[in-house]
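The values are calculated or read from the model by the stated rules, or taken from the named source; none is laboratory data. The structure displayed is predicted, hence computed values, not measured ones. Using ideal geometry, Cβ is built from the backbone for each residue, glycine included, and neighbour counts are taken over all protein chains shown. With ligands, DNA and RNA removed, areas are computed over all heavy atoms of the protein, side chains included. Shrake-Rupley method; radii C 1.70, N 1.55, O 1.52, S 1.80 Å.
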Amino acid sequence: MIDTVAQRGEIRVLGPADTDRYCNHLSRLDPEARRMRFFADVSDFHVLFHAGVALSDGRVVIGYVEDDEIRGACELLASGEDPHGAEAAFSVEHDWRRAGIGGVLMTAMIDAARQRGVQRIELQCLKTNVPMQALAARFTSDLRQIGDTTLAVLDNSAAAAG
């Protein structure tokens, strides 16, 4: 178990050259974590396809990398409807949870979003994903229960930051 991420790994933006390692990260997620990340049980092929698309379609993927392996990641995907909006999704492998990785990924994602002019970030998770809700609640008080999901909305505008 990791005590803290501050001394071990690095947070960095991933690119197409990281596709294999990103796929390996997503494949290492335990069944429950994979279900939480993708909202369903998904095949290894789906994970492989997703990793390739995520690192080549313009979204920002930020990884927590330790010993040259991606152990956690956050994807920031621009909204097709709102030019100043985006969605975010997180994944952290089981043995790396509860070490602060989610928090440092969230902070890096918020900074990357701000640099790209994103003013509203939505994070959607299953209602049973209590760790993700707790992480989101550290950055926003706008959490909404919608059916079987929870939607967290982060105001990333200059007014909210200042």
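Relative contact order for the chain: 21 percent, from Cα pairs under 8 Å spaced at least 6 residues apart, divided by residue count.
Here the extension length gained between residue 127 and residue 94 equals 10.0 nm, from 0.36 nm per residue of separation less the Cα-Cα distance.
Per residue, region 93-162 exposes 55 Å² of accessible surface when a 1.4 Å probe is rolled over the protein heavy atoms with every protein chain present.
Taking a ≥ b ≥ c as the square roots of the eigenvalues of the Cα gyration tensor, region 1-82 is oblate, since a/c reaches 1.5 or more and a/b is not larger than b/c.
Share of carbon and sulfur in the accessible area of region 58-160 stands at 49%, probe radius 1.4 Å.
Near residue 34: Cβ cut-off under 13 Å, other residues only, Lys/Arg at +1 and Asp/Glu at -1. The net charge is -2.
Computed over protein heavy atoms with a 1.4 Å probe, the accessible surface of region 19-81 works out to 48 Å² per residue.
Using the Cα gyration tensor of region 107-162, with a ≥ b ≥ c the square roots of its eigenvalues, what is the shape: rounded (a/c below 1.5), prolate (a/b larger than b/c) or oblate (neither)? Mind showing how you got there, number by number?
Details: a/c = 2.30, a/b = 2.11, b/c = 1.09.
Since a/c reaches 1.5 and a/b is larger than b/c, the shape of region 107-162 is classed as prolate.
Shape class of the chain from the Cα gyration tensor (axes a ≥ b ≥ c, square roots of the eigenvalues): rounded, since a/c falls below 1.5. By the helix-only formula, in which each DSSP H run with n ≥ 4 contributes -39500 (n - 2.57) and the sum is divided by residues, the chain has a 222 nm mean residue ellipticity of -10000 deg cm²/dmol.
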